[in-house]
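**Q** Have a look at the structure that comes next, please.
The values are calculated or read from the model by the stated rules, or taken from the named source; none is laboratory data. Computed from a prediction, not measured in an experiment: that's the story for all the values here. Virtual Cβ from ideal backbone geometry, glycine too; neighbours counted across all protein chains shown. The area values use the complete protein model at the heavy-atom level, side chains included, leaving out ligands, DNA and RNA. Shrake-Rupley method; radii C 1.70, N 1.55, O 1.52, S 1.80 Å.
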Amino acid sequence: MLHNNWFPSYMTAYIRDSPLRRAGTLNAILSRCFSFTPREVFDRSPERHVVTMHDNECEALASFVQRNSLGMKPSKFQLCTALNCCAKTQNSHLGSQIHAKILHIGLDQNLYINSSLVNAYAKCGAIVDAMSVFNGIEFHDTVSWTSMISGLSQNGQGREALCLFKQMLATLVRPNCFTYVGAISGCTEQESVWKCGELLHAHVIILGHENNNFVTSSLIDYYSKCGKMEKVVVLFEACATSDPILVNSMISAYSHNLQGEEAIKLFMKMRNADASLSEHALTSILDACGALTVLQQGRQVHAYVTKVGSVHNVFVVGALIDMYSKCGNIDEALCVFNEADYKNNILWTSVITACAQSGRSLEALEFFDHLVIKEKRFSPDHVCFTVVLTACNHSGLLDKGIGYFEKMRSDYNLVPEIDQYACLIDLYARKGDLKRGKKVMEEMPFTANAVMWSSFLSCCKEYGNVELGKEAAYKLFELEPHSPVPYLILEDIYAGAGLWNEVLQLRKLMNDNGVRKCTAGCSWVEIENEVHVFSVGDSSHPESEDIHLELRKLSLEMLNEVHVFPRNAPKSGDYELMMISSLF
DNA sequence: ATAGGGTTAG
């Protein structure tokens with residue numbers, strides 16, 4: 001039987017697709033040589049390996065394991081190669097087994113092996129382990145520094161990566177272009193280190209690495225993430241060669257900066273030139289098509305996807321479903337889904353979402369009932385339940401929704417998270433069972449946030465419940481002291497109940513608290529007919545108004561450039577950063 | 001024989 005359910009999924013895929021159909025042998029090899037249980041292997045193997053199969057790496061690892069099982073002592077070269085494969089397949093468990101082996105045979109002082117170990121741990125996200133290996137190295141070289149710096153960057157610790165880079169500069173070991181790639185990608189992680197990127201760019205120019213495509217690609221990514229598309233374009237145009245990866249980075253950059261049209265243009269150009277496009281780029285371009293709701297272009301990309309065989313990539317399939325769904329073409333979305341040769345939880349949830357969002361909530365629920373409950377085709381997770389509960393809410397199936405919530409725990413062993421609780425509270429409240437809703441809000445293991453209280457308050461208004469409405473509104477006065485909304489809704493509730501005295505008192509309170517009926521809206525700075533800052537004012541942000549004022553003042557003084565925020569509207573916490581970043 | 005570019009779908 002090939003599908004031993006404990007197998008790491010990439011191994012299963014490897015075996016399924018490999019001429020070496022030797023699951024039984026591999027099974028035996030794995031359990032004989034390593035101390036982990038089969039279940040652990042399975043649990044630690046990210047599902048994506050089914051998708052991005054690393055055939056060569058898997059084969060190399062399998063033969064490494066086999067040699068090991070025959071009692072052959074691995075050479076340091078073999079160990080390096082094996083660790084490299086672990087890094088590529090993110091097999092941290094095998095990686096630490098190999099680490100144990102290294103310690104056992106006393107190769108733990110070898111710089112090559114240690115650099116590989118740092119890399120393998122970092123690629124698997126085990127940054128603490130990577131760091132401890134790194135710290136154990138007595139004499140570092142450029143490679144060991146680079147491994148650690150890149151590892152930190154890739155694990156969302158850009159600030160730490162830059163600190164380490166700084167430490168490296170204080171030694172006699174010099175960074176090379178590899179090191180700069182790692183350091184530059186560290187600058188995109190945290191806003192507080194954004195300006196370091198430009199400094200590193202200057203280094204790169206001085207040291208003459210600017211013609212290195214890897215460095216350029218990391219710079220494109222960096223500038224794209226801080227919204228400096230003009231610099232991105234300059235960098236891209238300065239490239240003599242059209243490296244497909246640079247083109248892919250560029251398509252992603254356009255797409256993430258809401259310049260979908262440019263992204264599509266570049267895609268067309270590449271397609272006509274028969275240049276290869278990565279699957280990352282294809283998902284980006286589909287994202288752009290969805291955002292622009294351009295179905296025709298989306299279909300053209302779909303045709304290309306079919307032509308190059310990327311329909312087998314689950315990310316591309318997901319992006320296709322999402323694109324068709326955003327373009328309002330639910331039937332094509334379903335068609336893509338039905339034809340997908342591999343379906344995971346995310347795809348199932350995608351189609352259910354697509355149905356629910358196109359106003360076909362009932363169909364979405366039928367789909368769910370049929371596939372999940374009846375046929376047990378997939379096991380739903382938290383996100384899936386959020387979609388289902390939201391669909392119930394939209395279609396007024398309140399009791400059914402409450403039933404699904406119960407099922408989560410009883411049938412699927414899922415502990416509800418705050419999102420699902422929010423849905424449940426909404427279901428009760430919309431049903432008119434405000435008491436029950438409030439009880440859930442108080443008893444759940446999370447603290448209710450402003451969104452939950454706001455929605456609850458609206459239901460209180462709906463049912464004219466003065467007592468609970470007042471409670472919810474006062475809660476919101478604390479949570480969102482600058483927002484006029486809860487005052488206005490409560491005023492409505494009072495007025496509806498004919499409590500005119502309370503209305504007057506409330507108006508006074510609003511005035512005393514300095515809350516005005518203004519909408520936060522957008523802040524922007526206009527320089528030379530160009531709008532340079534978009535900031536969605538969040539009225540719940542305590543300093544929202546002050547910051548608006550500051551921004552306006554700044555716009556009057558001078559600003560060479562201010563960031564245009566990519567993709568998502570900035571969150572409240574971004575204000576400070578905008579203030580800072582606009583000063584540079 | 002060791003290190004490098006994006007991290008994409010609900």
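**Q** To the nearest 0.05, how large is the calculated FRET efficiency for A:Ile245 and A:Asn84 if R₀ is 30 Å and r is the Cβ-Cβ distance?
**A** The value I calculate is 0.90.
**Q** Same structure, new question: With each label point set 7 Å from Cα along the Cα-Cβ vector, what nm distance links A:Glu261 and A:Phe214?
**A** Roughly 3.8 nm, to one decimal.
**Q** Any chance you could check the Cα centroid distance between the stretch A:331-401 and the stretch A:94-136 for me, in angstrom?
**A** Each part's Cα centre sits 43 Å from the other's.
**Q** Here's something else I'd like to know. First compute the accessible area of the stretch A:53-201 with a 1.4 Å probe, then give the percent of it belonging to carbon and sulfur atoms.
**A** 55
**Q** OK, next. In 10 Å bins starting at 0, how do the alpha-carbon pair distances of the stretch A:110-153 split up by percent?
**A** Over the stretch A:110-153, the share of Cα pairs per 10 Å bin runs 36, 61, 4 percent.
**Q** Stretched out fully, how many nm does the piece from A:Ser379 to A:Asn513 gain, at 0.36 nm a residue minus the Cα gap?
**A** Once the chain is fully extended between A:Ser379 and A:Asn513, it gains 43.3 nm.
**Q** Next question, about the same structure. For a protection proxy built on the mean count of beta-carbon atoms within 10 angstrom, sort A:261-269, A:215-223, A:492-500 highest first, please.
**A** Listed from highest to lowest mean packing, they are A:215-223, A:261-269, A:492-500.
**Q** Please give the residues of the stretch A:175-200, grouped as numeric ranges, whose backbone N is less than 16 Å from a label point set 7 Å along the Cα-to-Cβ vector of A:His280.
**A** Answer for the stretch A:175-200: A:181-189.
**Q** Additional query: How much length would be gained if the chain were fully extended between A:Asn501 and A:Ala202, taking 0.36 nm per residue of separation minus their Cα-Cα distance, in nm to one decimal?
**A** Using 0.36 nm per residue and subtracting the Cα-Cα distance, I get 101.0 nm.
**Q** How would you rank A:252-260, A:437-445, A:174-182, highest first, on the average number of other Cβ atoms within 10 Å across their residues?
**A** The peptides rank, most packed first, as A:252-260, A:174-182, A:437-445.
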